[in-house]
Amino acid sequence: LFSDNINGLTDKVYPVIVGDSAFVAKNSSSGKAPASFSLSGNYPNPFNPVTMVNFQLPRDPKNKGFAGSRVILGIYDIKGRLVRELYNSAARTGRYNVVWNGRSDRGIACGTGIYLYRIAMRDSKGAVLFTETKRMTLIK
């Protein structure tokens, strides 16, 4: 779904379902779209140097497929400055797992501290359809 390579380190989106065998069987084979927007807590947290951020996008209630909508997932420092844009793509129904390697957009290793991660979904006119922010801790 998404991949980039900075200084030989790759961030990717992985389709991962975690749980006991019944949960995995139910959620991997059902094909059901998520019922709501969601940004989950990153795992592990605190982390060093890699963590995974999970989010889900539901089916458009008007069945238009969120035409023209975009989803952006960014990592910000405690002062609100963008550190890394992890995901920026057209909105599609589904569950997403994005890995952050603790590096900035320029490939520089980030220091120990608290970081915020924010997801925003905007329609084709720029109106916010969903936004949520959570925090994570990077420990070196």
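The values are calculated or read from the model by the stated rules, or taken from the named source; none is laboratory data. The shown structure was predicted, so the numbers you read here are calculated from the model rather than taken from an experiment. Every residue, glycine among them, receives a Cβ derived from its backbone with ideal geometry; neighbour counts consider all protein chains shown. Just so you know, the surface numbers come from the protein's heavy atoms only, side chains and all, with ligands and any DNA or RNA stripped out. Shrake-Rupley method; radii C 1.70, N 1.55, O 1.52, S 1.80 Å.
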Point to revise | Every residue from region 95-117 that is of a type in the set (Lys, Arg) and assigned to a strand (DSSP E or B) | key: ARG95, ARG103
Review point. Assuming LYS79 fulfils every condition listed in (1) under 17 Å from LYS140 (Cα atoms); (2) over 17 Å from the mean Cα position of the chain (by Cα); (3) not aromatic (Phe, Trp, Tyr) apart from one, which condition is it?
Key: (1)
**Study point:** Pairs, first modelled with pLDDT under 95 in region 89-106, second small (Gly, Ala, Ser) and surrounded by fewer than 15 Cβ atoms within 10 Å (Cβ to Cβ), C-beta under 6 Å, six or more apart
**Key:** THR93/ALA33
**Study point:** Criterion: charged (D, E, K, R) and open to solvent by less than 30 Å² (accessible area, probe 1.4 Å) - qualifying residue of ASP77, ASP105
**Key:** ASP77
Review point. If you scan region 108-131, which residues turn out to be open to solvent by 40 Å² or more (accessible area, probe 1.4 Å), under 30 Å from ALA33 (Cα atoms), touching a residue at least 24 places away in the same chain (Cβ under 8 Å) and aliphatic (A, V, I, L, M)?
Key: LEU116, LEU129
**Study point:** Subset of region 17-60 (residues that are modelled with pLDDT of 85 or more, open to solvent by 40 Å² or more (accessible area, probe 1.4 Å), of a type outside the set (Phe, Trp, Tyr) and part of a loop (DSSP other than H, G, I, E, B))
**Key:** SER40, GLY41, PRO44, ASN45, PRO46, ASN48, PRO49, VAL50
Revision key, fill the gap. From the option list ARG84, ARG92, single residue qualifying as in contact with a Ser or Thr (Cβ under 8 Å, 6 or more places away or on another chain) and charged (D, E, K, R) is ARG84
